[in-house]
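Colleague: The structure is given below, and queries will be raised subsequently.
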Number of protein chains: 2
Amino acid sequence: MNIRKKSINEIIQDKGLAALGDTYVNFVYSLVKSKVIGKPQGERVRGKVLAEALKNSGLRSYLPNRLSSHELSDAVEALLVYSWLNKLVSLDEVVSILSSQIKAENFSTKEQEWKEAVKAFTFLLIKTKGKLKS
Amino acid sequence: MNIRKKSINEIIQDKGLAALGDTYVNFVYSLVKSKVIGKPQGERVRGKVLAEALKNSGLRSYLPNRLSSHELSDAVEALLVYSWLNKLVSLDEVVSILSSQIKAENFSTKEQEWKEAVKAFTFLLIKTKGKLKS
């Protein structure tokens, strides 16, 4: 599938990309969690985690005011899968970038796990932002 | 993550692999659907589709009798992600194998789409079976 280069603004408002990105983000995070824990796991990433990471990354300003967490997380999902589809980053790199920010010993509670995930996705978004045209 | 080689029997009963495989299958099928339709889409693959493909592929006999569709689809998810994790097949190959079996013009109804998906996953499972030790 060819996805033509778009501006960050166009990417993060594409609902089809967000839907594809939702499956991508869950798969990638499940791989990362499996890797840091050391055995296979499946996980659905909470919208609030991605919305928080978007705010921390400085990309929030590309979107209109007064959006829900769900709309903000759609934007993150669209952006991340777009970067992969356009080979700005490989699956191996994404797994490695996220894993580098996550310590399995901080997974004592679900809340702790999500804090780690926010940190990791923030770091990934900052790296991704640098590779996209604004 | 290192997953040691296991027999087909062990793989398809691994619930962690099934959970990771669930995210993998949804992502892969979403990529395939995006490719055949020509624009990004997200999709969750129904358990019944994978259970049906398992029966058609000749792999049903590796599992005990009287399992639910959900348990059969877990087995498929575990098997498919195991093959990818162990580099028996690449993501590009999987997308290409599934896409070769699916015609977007048969997506007139949801039921038609799932028939196409059963055919595609059956074909993928037969190919995968050939690469695994029994």
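The values are calculated or read from the model by the stated rules, or taken from the named source; none is laboratory data. On a predicted model such as this, the values are computed, not experimentally measured, just so you know. Using ideal geometry, Cβ is built from the backbone for each residue, glycine included, and neighbour counts are taken over all protein chains shown. Note: accessible area is taken over every heavy atom of the protein model, side chains too, but ligands, DNA and RNA are not part of it. Shrake-Rupley method; radii C 1.70, N 1.55, O 1.52, S 1.80 Å.
Colleague: Can you tell me which residue within the range A:5-28, out of those that are under 23 Å from B:Ala18 (Cβ atoms) and more than 8 Å from chain B (Cβ to nearest Cβ), is farthest from the chain's Cα centre (by Cα)?
Modeller: A:Val28
Colleague: Something else: Checking the conditions here, which among B:Ser30, B:Ser69 is modelled with pLDDT of 95 or more and polar (S, T, N, Q)?
Modeller: From the options B:Ser30, B:Ser69, the qualifying one is B:Ser30.
Colleague: Restricting attention to the range B:32-51, report how many residues are facing another protein chain (nearest Cβ under 7 Å), open to solvent by less than 30 Å² (accessible area, probe 1.4 Å) and either of a type in the set (A, V, I, L, M, F, W, C) or part of a helix (DSSP H, G or I) (or both).
Modeller: Residues that pass the stated criteria total 1.
Colleague: Sticking with this structure for a sec: Please pick out the residue among B:Lys87, B:Lys110, B:Lys115 that is out of contact with any strand residue (DSSP E or B) (no Cβ under 8 Å at 6 or more places or on another chain), without any contact (Cβ under 8 Å) to a residue 12 or more places away in the chain and on the phi > 0 side of the Ramachandran plot.
Modeller: Going through B:Lys87, B:Lys110, B:Lys115 in turn, just one is out of contact with any strand residue (DSSP E or B) (no Cβ under 8 Å at 6 or more places or on another chain), without any contact (Cβ under 8 Å) to a residue 12 or more places away in the chain and on the phi > 0 side of the Ramachandran plot: B:Lys87.
Colleague: State the number of residues belonging to the range A:5-23 that are of a type in the set (Asp, Glu), in contact (Cβ under 8 Å) with a residue 12 or more places away in the chain and in a helix (DSSP H, G or I).
Modeller: Residues meeting the conditions: 1.
Colleague: Evaluate the following for A:Leu54: is it at the interface with chain B (Cβ under 7 Å from one of its Cβ atoms), open to solvent by less than 40 Å² (accessible area, probe 1.4 Å) and in a helix (DSSP H, G or I)?
Modeller: Taking the combined requirement at face value, the residue does not satisfy it.
Colleague: Considering only the range B:24-53, state which residues are touching a residue at least 24 places away in the same chain (Cβ under 8 Å) and closer than 16 Å to A:Val28 by Cα.
Modeller: B:Tyr24, B:Val25, B:Val28, B:Tyr29, B:Leu31
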